[in-house]
Amino acid sequence: MAGEPLKVLDALDVAKTQWYHFTAIVIAGMGFFTDAYDLFCVSLVTKLLGRIYYHKQGSDKPGELPSNVAAAVNGVAFCGTLSGQLFFGWLGDKMGRKRVYGMTLMLMVICSVASGLSFSSSPTSVVATLCFFRFWLGFGIGGDYPLSATIMSEYANKRTRGAFIAAVFAMQGFGILAGGVVAIIVSAAFDAKYPAPSYQENPNASTVSQADYVWRIIVIFGAFPALLTYYWRMKMPETARYTALVAKNAKQAAADMSKVLQVELESEQDKIEEGKSKNDFGLFSKSFLRRHGLHLLGTTSTWFLLDIAFYSQNLFQKDIFTAIGWLPPAKTMNAIEEVFKIARAQTLIALCSTVPGYWFTVALIDIMGRFAIQLMGFLFMTVFMFALAIPYNHWTLPDHRIGFVVMYSLTFFFANFGPNATTFVVPAEIFPARLRSTCHGISAASGKAGAIIGAFGFQAAEKAFGVKKTLIILGVVNGLGALFTLLVPESKGKSLEEISGEAGEEVERETEARAESRRTMPV
């Protein structure tokens, strides 16, 4: 591979957009639909869990999950996700993307169902089993991050690769939206069938016994989209880049891609043998540190900082909406009605800002480039967060609440038309094939470490400092994200082998020279 790329890889790079591209987006994207649904739907039902299992007789307000239990329910899936990203990311480079892909999906399906069937009716048993299965659900979800991103990047052509990977990730937006819609439908149906007074009218009657089915149905529903795609995941061939560059089987790679592209491709085993010794450095080698050390620091740090802010906002929307009065006080609603109103608020945010933000990235990432979108997103998130935080008392006044929601929505819009999408795309492009899944898993796990800080730390910060100071802290975090973005290289319009250096030393030198003329940040 010293002078020119393998023809099978070149054919993928220059291929026109075909049906198999859209098939791959849907197959990989439905995993992310399920990921987002499962991770975020629990934030819709935590208030209901508090009413059902932690009601105190004689209290003037509905039962709430204790702060440590709320943090565990919200955060335990992230702990599993972090572990799964590291483990399955490494396994995807060792065993192949396809072989591991089915394992993650079945784990997600089984644990989604098991989460909704959490044993017993006592608070301790239900929460313990819910947390146990949500950890393993997160473990499966974690594997989907590096595998879906890597598979899509290795199937895509170089002209529209960013849009294809971003489209897979954008299915998260539909997953969040679906979580809200399912919660609205289920809660509206149960509230109509089993009407109940508000808590202040009759505390005991405000939570009907059937409310226990509401949260279980919402949680279990996440299994179905994943189950529908299992067969098609198993039918996908292994990516040509893994087969040729990692497994060193050019003949099989050519045969697989001939079927996918519907053209005749010759195998070039001699080129594989030529390139064997040139790029076989490991993750902990000096060669990797020299070539990709700053890149890995850039992808891990930006994802880490983004997820602190992003997941703090997402998981605790309902608390912020209550604080500014956008949701009525809990005691003025019955248990199921509260689920409906929280779901309605979160669905509105998803519909107006989260989903459009993702698809703006899909449309523009191969025009503007990854770097520009990520830097712009972090900067706008910083601006809007400070604009919310500094005059916070102004936004809590009744006449200004709609303005608060609009500003809050804009931070989500620029998270998704910004670093939330690009931090997922870039690690799937800039590392060598034999380390691509591993490095993406490390980057994603760093992000989930940030999400854990957001999930566990936000409530503590809010109680210690108040909402205003907590929002200022999140603004500073976003500003640091913009700074660390300077370490991330631009990958727009290049082949994966050019970016990673697998195209050979001569091509690598030419690529670095061109990049240096366009960019001034460190690579």
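For the stretch 170-202, the tally of residues that are touching a residue at least 24 places away in the same chain (Cβ under 8 Å) and within 23 Å of Val219 (Cβ to Cβ) stands at 21. Candidates in the stretch 33-69 are the residues that are modelled with pLDDT under 85 and under 30 Å from Asn157 (Cβ atoms); of these, the one that is farthest from the chain's Cα centre (by Cα) is Thr34.
Yes/no per residue for (1) crowded, with 19+ Cβ neighbours inside 10 Å; (2) among the acidic types (Asp, Glu); (3) modelled with pLDDT of 80 or more; (4) out of contact with any Ser or Thr (no Cβ under 9 Å at 6 or more places or on another chain):
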| residue | (1), (2), (3), (4) |
| --- | --- |
| Leu265 | yes, no, no, no |
| Gln269 | no, no, no, yes |
| Ile272 | yes, no, no, yes |
| Thr302 | yes, no, yes, no |
| Leu305 | yes, no, yes, yes |
| Asn334 | yes, no, yes, no |
| Ile349 | yes, no, no, no |
| Ser353 | yes, no, no, no |
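The residues in the stretch 274-290 that are modelled with pLDDT under 75, surrounded by 13 or more Cβ atoms within 10 Å (Cβ to Cβ) and either in contact with a strand residue (DSSP E or B) (Cβ under 6 Å, 6 or more places away or on another chain) or not acidic (Asp, Glu) (or both) can be counted, and the count is 3.
Would you confirm, using the coordinates I've provided, whether Thr124 is of a type in the set (Ser, Thr, Tyr) and modelled with pLDDT of 90 or more? Against the criterion (of a type in the set (Ser, Thr, Tyr) and modelled with pLDDT of 90 or more), Thr124 does not qualify. Counting the residues of the stretch 200-215 that are touching a Ser or Thr at 6+ places or on another chain (Cβ under 8 Å) and either of a type in the set (Asp, Glu) or open to solvent by 10 Å² or more (accessible area, probe 1.4 Å) (or both) gives 3. Just a yes or no: is a residue in the stretch 426-433 more than 24 Å from Cys79 (Cβ to Cβ), open to solvent by less than 20 Å² (accessible area, probe 1.4 Å) and part of a helix (DSSP H, G or I)? Checked the stretch 426-433: at least one residue is more than 24 Å from Cys79 (Cβ to Cβ), open to solvent by less than 20 Å² (accessible area, probe 1.4 Å) and part of a helix (DSSP H, G or I). Flag: Asp10 matches the condition of being open to solvent by 10 Å² or more (accessible area, probe 1.4 Å) and either more than 19 Å from Ile218 (Cβ to Cβ) or acidic (Asp, Glu) (or both).
In the condition set (1) in contact with a Cys (Cβ under 8 Å, 6 or more places away or on another chain); (2) surrounded by 22 or more Cβ atoms within 10 Å (Cβ to Cβ), Gly418 is compliant with all but (1). May I ask you to verify whether Glu502 is on the phi < 0 side of the Ramachandran plot, at pLDDT below 90, in a helix (DSSP H, G or I) and not hydrophobic (A, V, I, L, M, F, W, C)? Judged against the criteria, Glu502 is not a match.
Here Thr129 meets the list (1) open to solvent by less than 40 Å² (accessible area, probe 1.4 Å); (2) touching a helix residue (DSSP H, G or I) at 6+ places or on another chain (Cβ under 6 Å) almost entirely, failing just condition (2). The residue of the stretch 26-72 that is nearest to Pro329 (Cα to Cα), among those that are aromatic (Phe, Trp, Tyr) and open to solvent by 10 Å² or more (accessible area, probe 1.4 Å), is Tyr54.
The values are calculated or read from the model by the stated rules, or taken from the named source; none is laboratory data. The structure displayed is predicted, hence computed values, not measured ones. Glycine gets a Cβ as well: all are built from the backbone with ideal geometry, and neighbour counts include every protein chain shown. These area figures cover heavy atoms from the full protein model, side chains too; ligands, DNA and RNA do not enter into them. Shrake-Rupley method; radii C 1.70, N 1.55, O 1.52, S 1.80 Å.
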